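Student: Below is a structure I'd like to ask you about.
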Amino acid sequence: DAGVIQSPRHEVTEMGQEVTLRCKPISGHDYLFWYRQTMMRGLELLIYFNNNVPIDDSGMPEDRFSAKMPNASFSTLKIQPSEPRDSAVYFCASSLVAGSAYSNQPQHFGDGTRLSIL
Amino acid sequence: DQQVKQNSPSLSVQEGRISILNCDYTNSMFDYFLWYKKYPAEGPTFLISISSIKDKNEDGRFTVFLNKSAKHLSLHIVPSQPGDSAVYFCAASAPFQGGSEKLVFGKGTKLTVNP
């Protein structure tokens, strides 16, 4: 089975440019999560969707960040305009259900996009 | 305010010995805990989990222990193998509240198993 697929794997761009990260979740998974990993803050949740609907975007750092899920098999995370402090590894994950004690269905992660803003 | 803490950034053990990775949490509402393993240039992969109604869960060489009164959990790997060398993340979730449910991760512990 194909896992969570993210693209691109690496992105290097200049400050001020628009950046779009893409994610294809595992087929049949109803939940999709976007995370950011930095040395300072570790792995933090940015936003998650249930059945293509954003449920919690409280982790989105600023209005420069936006995420969409137009259908069950595709999601994007966009940064516009990008800044050097946005440099991080961005992970997408999906799961059958949310991570509750009663589900025992873990989140499956993609391999991430390493973003560098110069 | 870090709700899940892994106070040891790194750990080094000899092959065949036991590896013990520790995790502390502050939110008493957490009721489900997971460990993920991450290799370089890859995403985290699920390893083992435990519900708050249990104090131990075992899967092969991996055992997770939960001490709710101390708000502490640990992952034991016995025996440790060089292929276990990776970064290990502890994560926790609280029950469904207000339409939001999510995992909170620690910053990870890098385990090195020496041959």
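Student: Inspect all residues belonging to region B:24-42 and state whether any of them is exposed (fewer than 15 other Cβ atoms within 10 Å of the Cβ), at pLDDT 95 or above and among the basic types (Lys, Arg).
Tutor: For region B:24-42, residues exposed (fewer than 15 other Cβ atoms within 10 Å of the Cβ), at pLDDT 95 or above and among the basic types (Lys, Arg): absent.
Student: Among (1) within 14 Å of another protein chain (Cβ to nearest Cβ); (2) surrounded by 14 or more Cβ atoms within 10 Å (Cβ to Cβ); (3) farther than 27 Å from A:Thr38 by Cβ; (4) free of Cβ contacts under 8 Å to residues at least 60 places away in the same chain, where does B:Thr45 come up short?
Tutor: (3)
Student: Hey, could you check region B:48-70 for residues that are aliphatic (A, V, I, L, M) and farther than 11 Å from B:Ala91 by Cα and say which is nearest to the other protein chains (Cβ to nearest Cβ)?
Tutor: Filtering first and then ranking leaves B:Ile53.
Student: Give the residues of region B:82-106 that are at pLDDT 95 or above and either acidic (Asp, Glu) or surrounded by fewer than 21 Cβ atoms within 10 Å (Cβ to Cβ) (or both), sorted by residue number.
Tutor: B:Pro82, B:Gly83, B:Asp84, B:Ser85, B:Val87
Student: Just to confirm my filter: which strands (runs of 3 or more DSSP E) fall fully inside region A:30-118 and include at least 1 residues that are crowded, with 18+ Cβ neighbours inside 10 Å and more than 9 Å from every other protein chain (Cβ to nearest Cβ)?
Tutor: A:31-38, A:42-50, A:65-71, A:74-79, A:88-95, A:113-117
The values are calculated or read from the model by the stated rules, or taken from the named source; none is laboratory data. Just so it is clear, the structure is predicted and the values come from calculations on it, not from any experiment. Every residue, glycine among them, receives a Cβ derived from its backbone with ideal geometry; neighbour counts consider all protein chains shown.
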